[in-house]
Amino acid sequence: MNSNQNLLARRIQVAGKQIPADLVIKGGKIVNVFTGELMEGDIAIVDGYIAGIGSYEGKRTADAAGKWIIPGLIDGHVHIESSMLTPQEFAKVVLQHGVTAVVTDPHEIGSVAGVKGIEYMLERSNDLPVDIFVMLPSCVPATTFETCAAELKAADLNPLYANPKVLGLAEVMDFPALAGPDSGMLDKLSGALDQGKLIDGHAAGIAREDVNIFRAAGIRTDHECINAEEAKQRLDLGMYLMIREGTAAKDLEALLPAVTAQNARRCLFVTDDKLIDDLLEEGSVDHNIRLAISKGLNPITAIQMATLNAAECFGLQDRGAIGPGYRADLVLLDDLNSLSIAEVYKHGECVVVQGKPVTEAFPGNTAAETPKTIIESCRLTDFQLGNLAIPLQSDTCNVIGIIPNSIVTRHLKEKVQVKNGLFAPSVLHDQLKLAVVERHTGTGNIGLGIVKGFGFAKGAIASSVAHDSHNIIAAGVSDQELFTAIRHIAAMNGGLTVVSGDTILASLPLPVAGLLSEQGYEQVYAEMKQLYAALREIGAPEHFNPFLALSFLALPVIPELKLTDRGLFDFASYSHIGIEAAN
């Protein structure tokens with residue numbers, strides 16, 4: 001017999017009680033996501049798989065008396081880069097929250113470093129106690145309205161499908177290219193479909209009739225719904241509904257009314273973008289489950305959405321449930337409703353005890369050194385203070401209005417201060433200057449605009465995390481502070497910073513493509529806390545995360561008004577517009 005036959009034979013023998021299991025977990029109440037019921041029985045595990053549920057003996061036993069046992073959780077759509085952690089450090093964090101598998105789209109690092117960036121994420125995801133599956137970036141660049149470091153065509157993506165961790169093509173967001181249909185987009189779609197792979201969608205602001213175009217193209221999911229009506233439209237037309245609760249975009253409460261007993265099996269939970277502090281303090285999709293339960297959703301249905309539904313959505317046939325033939329990815333809970341996690345098992349081994357990952361579960365990093373092309377990613381060309389001036393002939397301007405805890409913005413038209421023919425930021429009216437500085441190819445492009453909603457009393461913030469092209473983005477109350485912040489980001493080869501006057505109050509270096517830290521998650525968390533303290537010092541609001549809000553102000557595929565390195569972008573007309581508003 002070959003090795004697979006040996007493993008199969010052992011599983012059958014344990015199921016038939018011919019040989020003892022490696023491990024038997026006894027005494028717990030098992031959440032059956034197939035039937036929506038609780039059941040009891042011993043869980044017999046061999047070679048990392050469940051062989052049977054019933055009455056079993058094993059070489060080792062684990063006592064789960066008084067506990068509930070659920071399948072390992074699955075985040076159906078996440079950008080690991082938003083955590084600012086390497087895959088290994090990210091895995092250490094989410095594993096503490098019962099997450100044993102994620103489906104990630106590395107389009108952030110792909111936008112900065114192309115195929116090498118995707119390969120970096122795949123390599124750093126090996127041999128971890130969290131399975132990291134990849135959907136390949138479909139839209140790099142996201143649009144033609146900004147300067148991106150890379151371009152990923154079908155010819156670049158197709159060879160990567162050979163990696164078993166690559167499940168398909170990630171969120172298709174360029175609707176004009178899809179609706180065209182553009183030949184390049186057709187190449188990417190057919191490249192995935194021809195190899196039996198899946199395709200995710202990104203249908204932000206799309207009318208119901210246009211959802212047909214997504215489904216006709218073989219696109220099966222959407223995580224961009226912001227209300228129950230949009231959610232029902234996706235479900236009506238056969239899409240999986242991804243219910244997102246991240247750091248910036250919090251859609252669960254608005255979408256939950258669309259979930260019914262009849263359609264819940266077509267719904268799953270995702271985080272999309274979540275920062276390190278929220279992951280540690282609030283959780284991953286375990287937070288989605290708790291929030292959904294608190295809003296009245298049946299606890300087992302909520303767990304089913306983060307396990308079996310997600311697994312079936314992505315064709316992961318051997319996980320997402322507790323049953324014979326499934327991987328022994330299990331979470332032991334002290335309480336079902338609060339999802340209080342006692343232990344986590346991955347492939348039959350205990351990897352989290354009392355809220356902390358087991359050290360032995362994480363081997364030392366043996367991956368090759370990060371390529372210099374990924375580390376040295378900030379290239380500013382002749383950037384001068386005078387480049388930040390906004391000449392105005394009119395005092396009525398198009399202004400980006402921040403909506404707290406949303407990646408959607410408002411397109412405002414407001415009177416602004418004009419001094420000596422130039423826009424002058426106003427703390428009183430909360431009208432700050434916004435700048436996007438191209439950092440990849442040395443074009444010298446600088447997009448300038450006006451933003452409302454940050455509420456700073458002084459200072460500036462800047463970041464090299466600016467979805468999706470990740471140029472340097474900064475907001476502040478004076479040109480000098482903006483200039484200081486932007487220059488500091490370039491000097492660090494990427495990161496986040498808070499400036500007051502000529503003083504750098506706090507910084508978090510992100511040298512890997514200007515997106516990721518190479519430090520441990522505890523250190524990154526500590527430096528994030530220092531940034532938050534600095535934000536309070538300049539008067540930033542505390543009811544939303546200013547850095548995450550800033551990072552989405554350059555994303556032109558999201559309504560209503562954004563800023564790229566080429567200027568203000570109006571989603572409604574899908575074109576750049578001037579800063580001065582038409583009368």
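The values are calculated or read from the model by the stated rules, or taken from the named source; none is laboratory data. As the structure is a computational prediction, the values presented were derived from the model and not from experiment. Note: ideal-geometry Cβ built from the backbone for every residue, glycine included; neighbour counts use all protein chains shown.
Criterion first (surrounded by 23 or more Cβ atoms within 10 Å (Cβ to Cβ), touching a Ser or Thr at 6+ places or on another chain (Cβ under 8 Å) and not aromatic (Phe, Trp, Tyr)) does ILE461 satisfy it?
Working: surrounded by 23 or more Cβ atoms within 10 Å (Cβ to Cβ): yes; touching a Ser or Thr at 6+ places or on another chain (Cβ under 8 Å): yes; not aromatic (Phe, Trp, Tyr): yes.
Yes: the conditions hold for ILE461.
Quick one: would you say PHE383 is among the aromatic types (Phe, Trp, Tyr) and under 21 Å from GLY539 (Cβ atoms)? Before you say what the answer is, go through the steps one by one.
On the way: among the aromatic types (Phe, Trp, Tyr): yes; under 21 Å from GLY539 (Cβ atoms): no.
The answer is no for PHE383.
From the list ASP570, ASP565, pick out the single residue that is over 21 Å from ILE489 (Cα atoms), outside the structural domain of HIS223 (by TED's automatic domain parsing) and crowded, with 16+ Cβ neighbours inside 10 Å.
ASP570
Could you please let me know if THR100 is surrounded by 24 or more Cβ atoms within 10 Å (Cβ to Cβ), in contact (Cβ under 8 Å) with a residue 24 or more places away in the chain and part of a strand (DSSP E or B)?
Working: surrounded by 24 or more Cβ atoms within 10 Å (Cβ to Cβ): yes; in contact (Cβ under 8 Å) with a residue 24 or more places away in the chain: yes; part of a strand (DSSP E or B): yes.
So THR100 fits the description; yes.
If you go through segment 250-271 one residue at a time, do you hit one that is in a helix (DSSP H, G or I) and within 29 Å of TYR521 (Cβ to Cβ)?
Scanning segment 250-271, I find at least one residue that is in a helix (DSSP H, G or I) and within 29 Å of TYR521 (Cβ to Cβ), so the answer is yes.
Return the pairs, sorted by first residue and then second, in which the second residue is of a type in the set (Val, Ile, Thr) and surrounded by 10 or more Cβ atoms within 10 Å (Cβ to Cβ), the first residue lies in segment 415-428 and is in contact (Cβ under 8 Å) with a residue 40 or more places away in the chain, the beta carbons are less than 9 Å apart, and the residues are 6+ apart or on different chains.
Close Cβ pairs (under 9 Å, with a partner that is of a type in the set (Val, Ile, Thr) and surrounded by 10 or more Cβ atoms within 10 Å (Cβ to Cβ)) amount to PHE423/ILE390; PHE423/VAL416; PHE423/ILE450; PHE423/ILE579; PRO425/VAL416; PRO425/ILE450; PRO425/VAL477; VAL427/VAL477.
Report, by residue number, each residue of segment 180-222 that is part of a loop (DSSP other than H, G, I, E, B) and either without any contact (Cβ under 8 Å) to a residue 60 or more places away in the chain or not assigned by TED's automatic domain parsing to the domain that holds ASP272 (or both).
Here is the first cut: in segment 180-222, the residues part of a loop (DSSP other than H, G, I, E, B) are 180-182, 195-197, 202-207, 217-220.
Hits for segment 180-222 are GLY180, PRO181, ASP182, GLN195, GLY196, LYS197, ALA203, ILE206, ALA207, ALA217, GLY218, ILE219.
Looking only at strands (runs of 3 or more DSSP E) that lie completely in segment 409-472, which have at least 1 residues being under 27 Å from the mean Cα position of the chain (by Cα)?
Correct list: 409-415, 431-437, 446-452, 460-463.
For segment 538-574, which positions are within 20 Å of MET173 (Cα to Cα) and without any contact (Cβ under 8 Å) to a residue 12 or more places away in the chain?
SER573 - this is the single residue of segment 538-574 that is within 20 Å of MET173 (Cα to Cα) and without any contact (Cβ under 8 Å) to a residue 12 or more places away in the chain.
Note down all Cβ pairs under 8 Å where the first residue falls in segment 107-135 and is on the phi > 0 side of the Ramachandran plot, the second is outside any helix (DSSP H, G or I), and they're at least six residues apart or on different chains.
GLY114/VAL140; GLY114/ALA149; GLY114/ALA150; GLY114/GLU151; GLY114/LEU152; ASP127/PRO363
Does segment 528-544 hold any residues that are over 14 Å from VAL93 (Cβ atoms) and buried (at least 20 other Cβ atoms within 10 Å of the Cβ), and which are they? Give the steps one after another, and end with the answer.
Residues of segment 528-544 that are over 14 Å from VAL93 (Cβ atoms), as a first pass: 529-544.
Selection gives LEU531, ALA534, LEU535, ILE538, ALA540.
Inside segment 325-341, can you point out the residues that are surrounded by fewer than 17 Cβ atoms within 10 Å (Cβ to Cβ) and either outside any loop (DSSP other than H, G, I, E, B) or assigned by TED's automatic domain parsing to the domain that holds GLY296 (or both)?
As a first pass, look at segment 325-341 and keep what is surrounded by fewer than 17 Cβ atoms within 10 Å (Cβ to Cβ): 325, 334-335, 337-338, 340.
If the condition is that a residue be surrounded by fewer than 17 Cβ atoms within 10 Å (Cβ to Cβ) and either outside any loop (DSSP other than H, G, I, E, B) or assigned by TED's automatic domain parsing to the domain that holds GLY296 (or both), then ASP334, ASP335, SER340 are the ones that fit.
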